[in-house]
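Engineer: Could you have a look at this structure, given as structure tokens, before my questions?
The values are calculated or read from the model by the stated rules, or taken from the named source; none is laboratory data. Keep in mind the model is a prediction, meaning the values are calculated, not measured. FYI the Cβ positions are ideal-geometry reconstructions off the backbone, even for glycines, and counts take in every protein chain you see.
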Amino acid sequence: MLLACCLAAALACTIVRAQPPQVHHFDWGDQPPGMIGKAQLKRGRPLQGYFQPVEIKVPPGAAVSVASARSFSPPRDHAMIAGMLIGEVYRLKVTGIPNHPGHEVFPTIEVIDRLYPPADQLVRFPIPVQFSQQEFDLALSGKYLVRVIYVEDPENALPRPEDPAAQRYFEVRPEADVLRAADDLGRPVAIMRMGGRVPGSEGLNDEFLFGAPPWVSHEHMPDAPPPAPHGEVELQRDSVRRDTLRLRPTAAVPGIGESIR
Amino acid sequence: MIVAHPTRLPRFLLLAGLTIVLCSCRGLTPGPQRMVAQQQPFPPPMQANSTHAPPIRQVTPQVVLASAVEAAPQRVAIRPQHGATSSHIVQNCPHCNPRIPCLVTVDPDEPWAPSGTDGRWPHDEYLYDGGDRNLEARVRADWSVVGLDMEDTVGHFDTVEGETRVTASNRVCIYAPRFASVRKVVSMAGHEQHIFATGVDSPEKLILHEDTQIATTSIQRHAPRGQRVARPAGIFRERLRTVGMENVRKPSGYTGDLLPYENFQVIRHGQFDQSEKARLAERTEAAVAWTHDLAVQVLLSGQTPLIDTHDLGPQQVYTFQRMPGRPELRVVKIASVANARPGEFVEFTLRFDNVGDEVIGNVTLIDNLTPRLEYVPESAECSLSGDFFSQVNEGSSLVLRWEIHDPLQPGDGGIIRFRCKVR
């Protein structure tokens, strides 16, 4: 009996080791801001001290700023890129919301994982956090929103083009765990929370700003450039090694509209 | 022999049950990388041609996607991982054709990856195209292709003996993460409850506050610490004297036979140049090229390769006489960029060569695009005469297929280009 118990325990441990390490086993989406990111720092990966670029987009006409030293940074129109520490919670302020003059919204962003882009492409591939007009309408009507942004699994990706103006999302029921749903679809990297929170009578204190952790400002890059013109392919006979490959002259190269179709 | 005491038996069972429950978590399904290699029987050889005439295409084949293949016993392919040093030689790299020895050199400055991880990491931030992963692609007697998985790029040809062989290309990696989100909207009551839960932790601050009032001497400790960091800032100006000037010039355009990213000897002439190995490995993430270092030299002379292995002291010469009749097709795939955002375009180039010593026919190149690559219509080009077909695959992308008309003589080859948009 003891041997059987040991074998069962060993088998269970083996199965656990084979699991993907990115899944949040002991966290859930309704935890207080900062707890999920702090738990990620204990996993031993190079997350401590890394400023992950995050691209924040708001509808045209609105401006966004990030908490900095018991205040907010100068507002930036439409979009900005900020390098945020993993595990920290950043309070934002969105002003100039269309259809809601004079109102302000104070969402938060918590980065819980990082990307590993090429060394010279850090800012080109930030984590996108896009706020839609509908989400501002919901927040200003008294709703509370939690949105988990995740990296899509390329093998199970939806075969549809990405709209750079609107981030794709799936809605879950209020009683569902939003973090677990994101775990099933990909690798969660950031959590956005918005609604129902304004500065109290004490103003912008550390509790409201979550200590105003440091962040790095990056220049915002425009969206995908327009496609470059596709020139003609000119494959000519090589004069040095013409015996190795016989390529047709330019005029004889078939295109898709010709005999190669 | 260990015998559990009757009174302790329930305790053992309880402990074992708790161990299993605590250790078992969700996500028990194995990763998709472990699903490998379904064995399909070789198609019966075509009718033997005793005159050794170039084979002629008989039937326009049809691609049977991997998901449509009937269930069969699977085998697990265990491939070695990349080495930890730049001089480590790896056989059967997961990015390359498993039948071709790989000489991938690992960059010591590449991003961190957890131990036990093979290839690029994390996998969900890269797009892959090329190679022959999971099910091994094979050609049936009716010219249909089975075992063609998503992202696969293979070529098949017929030999003069009537045998149909399949060759996989190398695997191309493009950094192109895509994001989505899961949203939950709750009413205000839920939010207030959430804030109250945060406030429950605040009594800890009151306890800490009482302690600091008792220990008044701690205030004096903080004062000198603030003085240590004050430093004059006049030294840095003197270091600016040795600032040099650089004049960086970049080419604004390119006019020539091939596209800029195709400027390799293997693309131009079909032969590898050792001096371009590093750049080629950057584009293909493969190592189909041979290596040449100070210790080992490999020389090819005509039909008989001469391998000369020598050290600093004694030398040994090995000569191999290769039997005639060795048909082989090599497929090299490169991409125009190494990273792309959604909406950007990527151009792929396939260079295929008859590197054997006899003529091959019915050369067919197949590329099964991943769901996030959208083929740009009318962008396929080929340097040889042939037919181009496309078919929708299970990922709502396309399977691209080129059928070359004329047989390829030894040393001959061609180039295929096509364009894709990153979804």
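Engineer: Are any residues in region A:128-176 under 21 Å from A:Arg91 (Cα atoms) and within 7 Å of chain B (Cβ to nearest Cβ), and if so, which ones?
Structural biologist: Those that are under 21 Å from A:Arg91 (Cα atoms) and within 7 Å of chain B (Cβ to nearest Cβ): A:Pro128, A:Leu138, A:Gly142, A:Lys143, A:Tyr144, A:Leu145, A:Val146, A:Arg147, A:Val148, A:Ile149, A:Tyr150, A:Gln167.
Engineer: Kindly provide the set of residues from region B:360-388 that are crowded, with 19+ Cβ neighbours inside 10 Å and either small (Gly, Ala, Ser) or part of a loop (DSSP other than H, G, I, E, B) (or both), ordered by number.
Structural biologist: Selection gives B:Gly361, B:Leu369, B:Thr370, B:Pro371, B:Arg372, B:Ala380, B:Ser383, B:Leu384, B:Gly386.
Engineer: Restricting attention to region B:157-167, report how many residues are of a type outside the set (S, T, N, Q) and either in contact with a Phe, Trp or Tyr (Cβ under 8 Å, 6 or more places away or on another chain) or surrounded by 23 or more Cβ atoms within 10 Å (Cβ to Cβ) (or both). Spell out how you get there, then give the answer.
Structural biologist: Keep residues of region B:157-167 that are of a type outside the set (S, T, N, Q), which gives B:157-158, B:160-163, B:165-166.
Those left that are additionally either in contact with a Phe, Trp or Tyr (Cβ under 8 Å, 6 or more places away or on another chain) or surrounded by 23 or more Cβ atoms within 10 Å (Cβ to Cβ) (or both): B:157-158, B:165.
Going through region B:157-167 one residue at a time, the tally reaches 3.
Engineer: Just to be sure before I move on: is B:Asp357 surrounded by fewer than 23 Cβ atoms within 10 Å (Cβ to Cβ) and either assigned to a strand (DSSP E or B) or of a type in the set (D, E, K, R) (or both) in the structure I sent?
Structural biologist: yes
Engineer: May I pose another question? Taking region B:401-414 as the region of interest, how many residues are in contact with a Ser or Thr (Cβ under 8 Å, 6 or more places away or on another chain) and within 12 Å of B:Gly386 (Cβ to Cβ)?
Structural biologist: Residues that pass the stated criteria total 7.
Engineer: Restricting attention to region B:136-176, which residues are on the phi > 0 side of the Ramachandran plot and more than 14 Å from the chain's Cα centre (by Cα)? Reasoning before the result, please.
Structural biologist: Start the filter on region B:136-176 by keeping residues that are on the phi > 0 side of the Ramachandran plot, which leaves B:143, B:147, B:151, B:162.
Listed by number, the residues that qualify are B:Trp143, B:Gly147, B:Gly162.
Engineer: Can you find even one residue in region A:93-101 that is in contact (Cβ under 8 Å) with a residue 60 or more places away in the chain and buried (at least 22 other Cβ atoms within 10 Å of the Cβ)?
Structural biologist: Looking for residues that are in contact (Cβ under 8 Å) with a residue 60 or more places away in the chain and buried (at least 22 other Cβ atoms within 10 Å of the Cβ), one finds none in region A:93-101, hence no.
Engineer: Considering only region B:199-206, I want to know if a residue exists there that is facing chain A (nearest Cβ under 8 Å) and modelled with pLDDT of 55 or more.
Structural biologist: Scanning region B:199-206, I find no residue that is facing chain A (nearest Cβ under 8 Å) and modelled with pLDDT of 55 or more, so the answer is no.
Engineer: Of the residues A:Val172, A:Val129, A:Val198, A:Val151, only one is of a type in the set (Val, Ile, Thr), buried (at least 16 other Cβ atoms within 10 Å of the Cβ) and touching a residue at least 40 places away in the same chain (Cβ under 8 Å); which?
Structural biologist: On inspection, the qualifying residue turns out to be A:Val129.
Engineer: Please work out which one of (1) over 25 Å from the mean Cα position of the chain (by Cα); (2) within 7 Å of chain A (Cβ to nearest Cβ) is the condition B:Arg417 fails and give its number.
Structural biologist: Only one criterion is unmet by B:Arg417, namely (1).
Engineer: For region B:125-140, does any single residue satisfy the condition of being assigned to a loop (DSSP other than H, G, I, E, B), modelled with pLDDT under 85, in contact with a strand residue (DSSP E or B) (Cβ under 8 Å, 6 or more places away or on another chain) and at the interface with chain A (Cβ under 10 Å from one of its Cβ atoms)?
Structural biologist: Checking region B:125-140: not a single residue is assigned to a loop (DSSP other than H, G, I, E, B), modelled with pLDDT under 85, in contact with a strand residue (DSSP E or B) (Cβ under 8 Å, 6 or more places away or on another chain) and at the interface with chain A (Cβ under 10 Å from one of its Cβ atoms).
Engineer: Given the conditions (1) farther than 28 Å from A:Glu202 by Cα; (2) over 17 Å from the mean Cα position of the chain (by Cα); (3) of a type outside the set (Ser, Thr, Tyr), which single one is not true for A:Leu122?
Structural biologist: Just one mismatch for A:Leu122, condition (2).
Engineer: In this structure, is A:Gly186 of a type outside the set (S, T, N, Q), more than 16 Å from B:Ser181 (Cα to Cα) and touching a Phe, Trp or Tyr at 6+ places or on another chain (Cβ under 8 Å)?
Structural biologist: Here the answer is no, as A:Gly186 does not meet what is asked.
Engineer: Answer yes or no: is there a residue in region A:43-58 that is at pLDDT 85 or above, part of a loop (DSSP other than H, G, I, E, B) and under 21 Å from B:Val182 (Cβ atoms).
Structural biologist: yes
Condition check ((1) touching a Lys or Arg at 6+ places or on another chain (Cβ under 8 Å); (2) at pLDDT 90 or above; (3) acidic (Asp, Glu)) across all residues:
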{"residue": "B:Asp308", "(1), (2), (3)": "no, no, yes"}
{"residue": "B:Gln315", "(1), (2), (3)": "no, no, no"}
{"residue": "B:Phe320", "(1), (2), (3)": "no, no, no"}
{"residue": "B:Arg326", "(1), (2), (3)": "no, no, no"}
{"residue": "B:Phe345", "(1), (2), (3)": "yes, yes, no"}
{"residue": "B:Leu350", "(1), (2), (3)": "yes, yes, no"}
{"residue": "B:Asp353", "(1), (2), (3)": "yes, yes, yes"}
